[in-house]
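What follows is a set of notes on a single structure, which appears directly below.
Here, each number is a calculation from the coordinates, and none is a lab measurement. Bear in mind that the values here come from a model prediction, so they are computed numbers and not experimental data. Here the Cβ is made from the backbone with ideal geometry for all residues, glycine too, and neighbour counts use every protein chain on show.
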Amino acid sequence: MRRGYWLAGAAALAAAVLVGGCQAPRRVAFGSGVVNPMVETDPIASTSVWDTAQIADGAVTGPKVAAGAVSNANLGADCVDGAKIADDAVDSEHYAAGSIDGEHVAAGAVGGQHLAAGAVSNAALAADAVDGAKIEDDAIDSEHYAAGSIDAEHLAGGVGGGAMVYDFVTSSSANHIVAANTDYTVPFDTLTHNGLGGVVTNGSWYPPSAVVSNPVCVFAQFKITQVAQAEDIYGWVCDGDDVEIALQRLKDHYCEDVYVQMFVIYTPSAWNDVVDLHIFHTDTDGGNETVVPGSGDAETCMYIWAVQ
C-alpha cells in the first residue's frame, strides 16, 4: 500500500513540474506522514490561507487573541453591557459631564455631605418643607414676620389678641381735705365707662373673672387743687391686701394744680383682689397743712384696661 501511495505522489510531482516550468524543488507531505524533502510551503500567498472566509465560526477563542488586539474600532455599538464591566471599575473619569440625571440617582442616596455650601436654593425647597423642627431656636426675629401676620390665634395664653377694653373709675364726692399724716383712700364709686366689666364697691375696683390671673394695666391720678404748706405728698395704688403696687412722691411740694400720676401692670389673683388709690402727705413742723384733691372726672380717677 505504501508503495502505491508513493507512486501516486511522484506522478503528481511530475505533473507539477511540467505545468509550472523549471522550479526549485519544494517540500510537500505525502500520505501517512511521509514527507518529501523536495517540497516547501514558502510560495503560498500571505492572503490565500488567512482570508476570514477560511476561518470557521467560533474558531477564534480567547487564547488566540493577542493582548490589546481588540481596539475601540473592533467593538460593536452597545456591545459592552453591565455583565462585561468589572465591579467598582467605573470611576468619576468615566462619567461625561452632566451625565448623572435624576433617573440614575437612587432614592435617599444624596445626603448632606454631598451638598455644597449654599447649594439648596429657595426654588429647591418644596412647599411646606421647612417645619418647626427645621428652624433653630430663637432664629425667627422681627425681620421674618410679615406685616400684620401675628393674629390672636398665634398669641400665647395670657396675651390678648382682640380689642383693648377698659374701665374708667371716678368719684362723685366733692373735694376732700386730706389732713397731714393721714392715709386717705379716694372714695371711687362711679364706672363712667365699663368696657372691661369690673365693679366699683366701697371705693375700690373689683376685677371681672375674665381678667383674674391675667395682667391688667392700671393708671391712677389725682389733681392737687390746693396745698397749705404741705411737705411731701404721696400717692399709691394698693391691691386687695393693701399692698402697695405703685407709688409716686412729690417732695417738698408747695404749689397748686399739679397732678400726681401712677402706672402699674397688675395681675389680680382672685375676684376680690381689688385696686384702690391712696393719698398721703407729711407734716413735720406741726402746722395745719392740708391737701385737697380734685374730684372731676379728669382730675382724680383710674383707668384699668386690658386686651381681650
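Taking other Cβ within 10 Å of each residue's Cβ, how do Thr52, Thr192, Thr282 sort, fewest first?
Values: Thr52 6, Thr192 10, Thr282 16.
Ascending number of Cβ neighbours within 10 Å: Thr52, Thr192, Thr282.
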From the backbone phi of region 127-135, what are the Karplus-calculated ³J(HN,Hα) couplings (6.51 cos²θ - 1.76 cosθ + 1.60, θ = phi - 60°) in whole Hz, Gly and Pro given as x? 4, 6, 6, 9, 9, x, 5, 8, 9
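Evaluated at 25 °C with a viscosity of 0.890 mPa s, what Stokes-Einstein diffusion coefficient in µm²/s does region 73-213 have when Rh comes from the Kirkwood expression over alpha-carbon pairs? It would help to have the intermediate numbers written out before the result.
Values: Rh = 24.8 Å.
D = 99 µm²/s.
With Cβ to Cβ distances under 12 Å as the rule, what net charge do the other residues near Val200 carry (K, R +1; D, E -1)? Spell out each step's value before the answer.
On the way: positive: none; negative: Asp167, Asp189, Asp276.
Combined, the nearby Lys, Arg, Asp and Glu give -3.
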By counting other Cβ atoms within 10 Å of each Cβ, how are His104, His176 ranked from fewest to most? His104, His176
Mind jotting down the three principal axis lengths of region 107-152 based on Cα atoms? Whole angstrom, largest first. 43, 20, 19
Just to check I understand the Karplus step: with θ = phi - 60° and J = 6.51 cos²θ - 1.76 cosθ + 1.60, what whole-Hz values come out for region 257-269, glycine and proline as x? 6, 10, 8, 10, 10, 9, 9, 8, 9, 9, 10, x, 9
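Please arrange Cys301, Cys238 by how many other C-beta atoms lie within 10 Å of their C-beta, fewest to most. Intermediate values should be presented prior to the final figure.
Working: Cys301 23, Cys238 19.
Listed from fewest to most nearby Cβ atoms, that is Cys238, Cys301.
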